[in-house]
Structures are given as structure tokens and as C-alpha cells.
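The values are calculated or read from the model by the stated rules, or taken from the named source; none is laboratory data. Please read these numbers as outputs of a predicted model, since none were measured by experiment. Here the Cβ positions follow ideal geometry from the backbone for every residue, glycine too, while neighbour counts run over all protein chains shown.
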């Protein structure tokens, strides 16, 4: 069986150095990250804070009407633990405009009789 051996200290050092190099190369003041509350985005946020400090890391949670509220809770908790302010954006309206949501007759508002007759 294959064994996955990772030198975590080295990996952390290489990733944080890379983040610092990108910020320096691009002459930016920091990074903006999506924080979904999932494992990947939480780890990246922690590495960014380690590399740059919390003052140089901005995080945003983007959700919609179908988003699991537990993920938003995790994103808020992770931001708090890292000393970050979590911005949030609800994109439900934009998703609806683009026809992303399937029409569900049980949850769609009923049309008035006059609208049906006019059609």
C-alpha cells in the first residue's frame, strides 16, 4: 500500500513563502479570499494569515438560497479565530436572473387569475 508522507512544516513554509512572493511581486497590500467554510478555503485563509498577518487578508462568504447555513457558520467562526472580518454576499437574486434555479410549482408564487386570463 502507498504511504503518503508529507513534511507539514516544509509545506507550510513553502506555501506561506509563495503567498508572500506573489503579494510582493504584484505590489499589492494583501489578498482577498473566498471563505466558504469548507476545509480548503479555511486552510488557505489560515496560511494567508500566517504569511501576511490578518491586516492583509480579506475574506468574503458568497452564498445563495440553497447554501447550507452550517457552512456560513463555519466561515464566520474561522474568520473570528483568524482575527478577520468576514464580508458576506447573497447572490440568490443574480442566480435567479440567470435561470439557475429550477422552477418548482410548489414553491413558486401563484399567479393571480387576471394574469392567467390575460396570457
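Scanning for something outside any helix (DSSP H, G or I) and modelled with pLDDT of 95 or more, does the range 92-100 turn up at least one residue? No; the residues of the range 92-100 include none that is outside any helix (DSSP H, G or I) and modelled with pLDDT of 95 or more. Listed by first and then second residue, the pairs linking a residue in the range 37-58 that is farther than 14 Å from residue 81 by Cα to a residue that is part of a helix (DSSP H, G or I), with Cβ atoms under 7 Å apart and 6 or more places separating them unless they lie on different chains, are 38/71; 51/16; 51/19; 51/20; 52/19; 52/20; 52/23. For first residues located in the range 1-28 and without any contact (Cβ under 8 Å) to a residue 40 or more places away in the chain, partners that are assigned to a helix (DSSP H, G or I) and lie 6+ apart or on another chain with Cβ distances below 6 Å form the pairs 15/47; 16/47; 16/50; 16/51; 19/48; 19/51; 20/51. Taken over the range 34-57, the criterion of being closer than 24 Å to residue 92 by Cβ and surrounded by fewer than 18 Cβ atoms within 10 Å (Cβ to Cβ) is satisfied by 34, 38, 40. If you go through the range 51-91 and keep only what is within 16 Å of residue 40 (Cβ to Cβ), in contact with a helix residue (DSSP H, G or I) (Cβ under 8 Å, 6 or more places away or on another chain) and assigned to a helix (DSSP H, G or I), you end up with 74, 75, 78, 79, 82.
Scoring residue 83 on the criteria (1) out of contact with any strand residue (DSSP E or B) (no Cβ under 7 Å at 6 or more places or on another chain); (2) surrounded by 12 or more Cβ atoms within 10 Å (Cβ to Cβ) leaves a single failure, condition (2).
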